[in-house]
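Following: one structure in C-alpha cells, then a few remarks.
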Amino acid sequence: MKRLEQLQEFLKTDPEDPFLNYAIAIEYVGQEDYIKAKEILMDLRSKQPEYVALYYHLGKLFQREGDKVEAENIYRDGIKRTTIARERHHLAELQTALNNMLYDEE
C-alpha cells in the first residue's frame, strides 16, 4: 500500500488528527498536486490553527502561486503562533522563509 493510501486509511479512524491531515497534504505536495495540498492545509488552519507545522508549507504554496501578500500573511500568523507555542524550530523556519521571500533570495 502506498504511503498516501496508508495515511488516508489511518485518517478514517480519526478524521480530525492534525498530523495525519498535515502528512497527507505533504504527500500531495510531493506528487505536485498543489491544489489538493493547499485545500487540506487551509482546512487544517481553519480547524486547528495551533498546529504550527502547517504554516511553512501553506505559505510556500501561496508563494509558489505568486501570491506574496497571502504568503506573507500566513508566515506572519505562523510566526505569531510559534512564538506563543515556543516552537523555536518552526519559528526560525518561518522567519527565514519570510525574509527570503521579502528580499527575493529564493
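The values are calculated or read from the model by the stated rules, or taken from the named source; none is laboratory data. Computed from a predicted model, the values in this text were never measured in an experiment. Positions of Cβ are generated from backbone atoms using ideal geometry, with glycine treated the same way; all protein chains shown enter the neighbour counts. The accessibility values were calculated without ligands, DNA or RNA, using every heavy atom of the protein model including side chains. Shrake-Rupley method; radii C 1.70, N 1.55, O 1.52, S 1.80 Å.
Residues of the stretch 1-22 that are open to solvent by 60 Å² or more (accessible area, probe 1.4 Å) and hydroxyl-bearing (S, T, Y): T13 alone. Contact map, the stretch 5-18: residues that are under 23 Å from V52 (Cα atoms) and touching a residue at least 24 places away in the same chain (Cβ under 8 Å) paired with residues that are in a helix (DSSP H, G or I) and open to solvent by 90 Å² or more (accessible area, probe 1.4 Å), Cβ distance under 8 Å, separation 6+ or inter-chain. Pairs shown: E16/K47.
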